[in-house]
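The values are calculated or read from the model by the stated rules, or taken from the named source; none is laboratory data. All of these numbers come straight from a predicted model, not from anything done at the bench. Ideal geometry is used to build each Cβ from the backbone, glycine not excepted, and the neighbour counts take in all protein chains shown.
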Amino acid sequence: MDQHEEAIKISNLAIKIDPSRFGSYLIKAISQIKQHHFEDAIASLNSVILLDNTQHKAYALKGQALHCLKRYKEAVIQLDIALFISQDPSYLIQKADSLLELKKYKEAITVYEDALLEGSQENDYINEKLKSIQLN
């Protein structure tokens, strides 16, 4: 059993013991994303959101899972909610990536630039994405 399977097993046990603790669902969802079980992760993240709708990480991870499923419009919505709660530069990058997939180049450029202004440490990644937009 790999570490993600083990984390899911332990999370499931914790959920059985106390289903009101959102952290167990969050840990489970992270492992599900790592295993590419995106639909399962979305279900776990929905549980987090039902328990505490201020958990910006749950919205961001849901956006990530939706992006991986190529459901980019839905991903942008979830990331907007996460950003409303917390201006994390990594959420901006994820949002820009989804906008780029939707071919919303001007919006993607603005959001990548916002990530830089917010102090993102992913300057090389962002600059590569900005160059790729200019080539399109």
Unique match (being in the same structural domain as LYS34 (by TED's automatic domain parsing) and either surrounded by 16 or more Cβ atoms within 10 Å (Cβ to Cβ) or assigned to a helix (DSSP H, G or I) (or both)) among ALA60, ALA108, ALA96: ALA60
Test: LYS34 is surrounded by 17 or more Cβ atoms within 10 Å (Cβ to Cβ) and more than 24 Å from GLN134 (Cβ to Cβ): no
Identity of the residue in region 15-31, surrounded by fewer than 16 Cβ atoms within 10 Å (Cβ to Cβ) and in a helix (DSSP H, G or I), that ends up farthest from the chain's Cα centre (by Cα): ILE17
Count of region 117-126 residues which are touching a residue at least 24 places away in the same chain (Cβ under 8 Å) and either outside any loop (DSSP other than H, G, I, E, B) or surrounded by 16 or more Cβ atoms within 10 Å (Cβ to Cβ) (or both): 4
Any hit, region 36-44, residues being outside the structural domain of LYS104 (by TED's automatic domain parsing), under 29 Å from LEU99 (Cβ atoms) and outside any helix (DSSP H, G or I): yes
Which listed residue is polar (S, T, N, Q) and touching a Ser or Thr at 6+ places or on another chain (Cβ under 9 Å), from SER132, SER86, SER90, SER98: SER90
First in region 1-22 and in the same structural domain as ALA43 (by TED's automatic domain parsing), second anywhere and among the acidic types (Asp, Glu), Cβ under 6 Å, 6 or more apart: PHE22/ASP52
